[in-house]
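The values are calculated or read from the model by the stated rules, or taken from the named source; none is laboratory data. Computed from a predicted structure; not experimentally measured. Quick reminder, even Gly has a Cβ in these numbers, built from the backbone with ideal geometry, and neighbours come from all protein chains shown.
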Amino acid sequence: MNILICGSTGVGKSTLINAIGGKKLAETSSNTACTMKVTGYQINGITYFDTRGLELKGSKEIMKIIQSLVTKKNSQKDPNDYIHLAYVCIDEQSERYDSTIESLVTFLNKQMNLPVIIILTKAYFPGATEFSGKLKTKFPSCDVVRVNSEDIEFGDWKAAKSGLDELEKLTLAKVPEAQRRAYATVERRGRGGLFASLRQALFRS
Ligand SMILES: Nc1nc2c(ncn2[C@@H]2O[C@H](COP(=O)(O)OP(=O)(O)OP(=O)(O)O)[C@@H](O)[C@H]2O)c(=O)[nH]1
Ligand SMILES: [Mg+2]
């Protein structure tokens, strides 16, 4: 299973990978754009692809890189090599997403037929669910989960890591759908081979 992780710069894509892996795998930075090229990290049988963040300047160029990566991967013969699921990260504290993020979600979910989980990172405050509610309404075909990937403290105030168990459960629940969609993409390209009709029957949703 391959998962693509994308979103704006500094939202916490690499920090999320480190939280999932339980150790420092990817470089992170609190003040500059950090991840510059796509890197795959294997954690418990899943490959997570960390990508360069969409920056205000140059977001179109980075968007193109992500689009061509997914298009290339999902044109391969073997559906096991596809990107099967996308995590689109949005910083909950910013309470905003721009039109590039909207286009990215549409590209992944509609054009590439991938299940998309929108991850609200830096979700420090358990009761603050207004923004996630807005996103659920805006992107009804995506799941939305709130995650705090790192413990944080500021004076007397503390927020512990949270949401990672929920993300794991949600990801597990998405596996059959992700597989079905990958096979459906192969079918559409006419590369179904001998068992094409069997697959069609099995995976018809
Ligand atoms: N407490 C807390 N800090 C976070 C979280 N996500 C990211 N951070 C912090 O935010 C900063 C940026 O995180 P990165 O993981 O480097 O962000 P990125 O999305 O990979 O950024 P680029 O590689 O530049 O695109 C780091 O200082 C992290 O420690 C989170 O969920 N909780
Ligand atoms: Mg990064």
message = Here are the criteria: (1) among the aliphatic types (A, V, I, L, M); (2) within 11 Å of ligand 1 (Cβ to nearest atom); (3) out of contact with any helix residue (DSSP H, G or I) (no Cβ under 8 Å at 6 or more places or on another chain). Tell me which single one Leu56 does not satisfy.
response = (2)
ask   = Looking at (1) buried (at least 19 other Cβ atoms within 10 Å of the Cβ); (2) touching a helix residue (DSSP H, G or I) at 6+ places or on another chain (Cβ under 6 Å), which is the only condition Thr100 fails?
value = (1)
ask   = Under 7 Å by Cβ, and 6 or more places apart or on different chains, what pairs join a residue from region 160-186 that is under 17 Å from Leu4 (Cα atoms) with one that is of a type in the set (Val, Ile, Thr) and part of a loop (DSSP other than H, G, I, E, B)?
value = Leu164/Val147; Leu167/Val147
remark   = The correct count of residues that are among the small types (Gly, Ala, Ser), surrounded by 10 or more Cβ atoms within 10 Å (Cβ to Cβ) and more than 9 Å from ligand 1 (Cβ to nearest atom) in region 142-161 is 1
ask   = Which of the residues belonging to region 9-47 are exposed (fewer than 12 other Cβ atoms within 10 Å of the Cβ), within 20 Å of Leu164 (Cβ to Cβ) and among the charged types (D, E, K, R)?
value = Lys23, Lys24
task = Report those strands (runs of 3 or more DSSP E) wholly inside region 116-177 carrying at least 2 residues which are more than 17 Å from Val105 (Cα to Cα) and modelled with pLDDT of 95 or more.
result = 152-154, 157-159
inquiry  = For region 4-22, give me each residue that is outside any strand (DSSP E or B) and within 11 Å of ligand 2 (Cβ to nearest atom).
reply    = Thr9, Gly10, Val11, Gly12, Lys13, Ser14, Thr15, Leu16, Ile17, Asn18
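Just checking, does region 51-60 include any residue being under 13 Å from Ile5 (Cα atoms) and more than 15 Å from ligand 2 (Cβ to nearest atom)?
No, that holds for no residue.
Can you find, within region 120-159, the residue that is farthest from Asn18 (Cα to Cα) among those that are away from ligand 2 (no atom under 16 Å from the Cβ) and among the hydroxyl-bearing types (Ser, Thr, Tyr)?
In the first step, residues of region 120-159 are kept if they are away from ligand 2 (no atom under 16 Å from the Cβ); the result is 120, 123-146, 148, 151-159.
With among the hydroxyl-bearing types (Ser, Thr, Tyr) added as a condition, the list becomes 124, 129, 132, 137, 141.
On the way: Tyr124: 18, Thr129: 25, Ser132: 23, Thr137: 30, Ser141: 27 Å.
Applying the filter and picking the extreme gives Thr137.
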